[in-house]
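Enquirer: Structure incoming, see below.
The values are calculated or read from the model by the stated rules, or taken from the named source; none is laboratory data. Here the structure is a predicted model, which is why all the values come from computation and not from measurement. Cβ placement follows ideal geometry from the backbone for every residue including glycine, while neighbour counts extend to all protein chains displayed. These area figures cover heavy atoms from the full protein model, side chains too; ligands, DNA and RNA do not enter into them. Shrake-Rupley method; radii C 1.70, N 1.55, O 1.52, S 1.80 Å.
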Amino acid sequence: MIARIWRGATRQEDADAYVEYLRGTGLKEYRETPGNRGAWVLWRIVNGRAEFVTFSLWESEEAVRGFAGDDIGRAVFYPQDDRFLVERDNTVTHYRAIQD
């Protein structure tokens, strides 16, 4: 199993709207991609901005490619991301994951 992690940040006042935006974009596409085992958004308010971490689990790197394309280390962005994000990672981190 593969864990995929991305980080970004919005202004504090945009946090709730961004969560809803994620539900309709990235999280939706995660769920619709074969091989996805689940997706979560973690967020917190720090110093007037909202920090976000998306965390998803995948059956294999091939399943991740079904979502991200051939360059699985590149983050996937959506049309309104520029409206919300004040900081973003352009890459993602992958880990091998086990379930016991």
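Enquirer: Being in contact (Cβ under 8 Å) with a residue 60 or more places away in the chain, closer than 22 Å to Arg11 by Cβ and out of contact with any helix residue (DSSP H, G or I) (no Cβ under 6 Å at 6 or more places or on another chain): is that true of Glu87 here?
Expert: Taking the combined requirement at face value, the residue satisfies it.
Enquirer: Conditions: (1) buried (at least 17 other Cβ atoms within 10 Å of the Cβ); (2) under 16 Å from Tyr95 (Cβ atoms); (3) not small (Gly, Ala, Ser). Glu61 meets all but one. Number of the miss?
Expert: Status for Glu61: all satisfied but (1).
Enquirer: What number of residues in the stretch 42-62 are part of a helix (DSSP H, G or I) and within 15 Å of the chain's Cα centre (by Cα)?
Expert: Adding up the residues that qualify gives 0.
Enquirer: Val92 passes all but one of (1) at positive phi; (2) touching a Phe, Trp or Tyr at 6+ places or on another chain (Cβ under 7 Å); which number fails?
Expert: Exception for Val92: condition (1).
Enquirer: Looking at this structure, is Arg4 at pLDDT 95 or above, exposed (fewer than 12 other Cβ atoms within 10 Å of the Cβ) and of a type in the set (D, E, K, R)?
Expert: Here the answer is no, as Arg4 does not meet what is asked.
Enquirer: Another question, then. I'd like to verify a number: residues in the stretch 59-83 that are of a type in the set (Phe, Trp, Tyr) and either without any contact (Cβ under 8 Å) to a residue 12 or more places away in the chain or farther than 16 Å from Lys28 by Cβ (or both), how many?
Expert: 1
Enquirer: Still on this structure, please answer the following. Since Gly48 meets every condition but one in (1) in contact (Cβ under 8 Å) with a residue 24 or more places away in the chain; (2) surrounded by 12 or more Cβ atoms within 10 Å (Cβ to Cβ), which condition does it not meet?
Expert: Gly48 satisfies all of (1) in contact (Cβ under 8 Å) with a residue 24 or more places away in the chain; (2) surrounded by 12 or more Cβ atoms within 10 Å (Cβ to Cβ) except (2).
Enquirer: Further question on the same structure: Just checking, how many residues over the stretch 25-41 are part of a helix (DSSP H, G or I) and open to solvent by less than 50 Å² (accessible area, probe 1.4 Å)?
Expert: Total meeting the criteria: 3.
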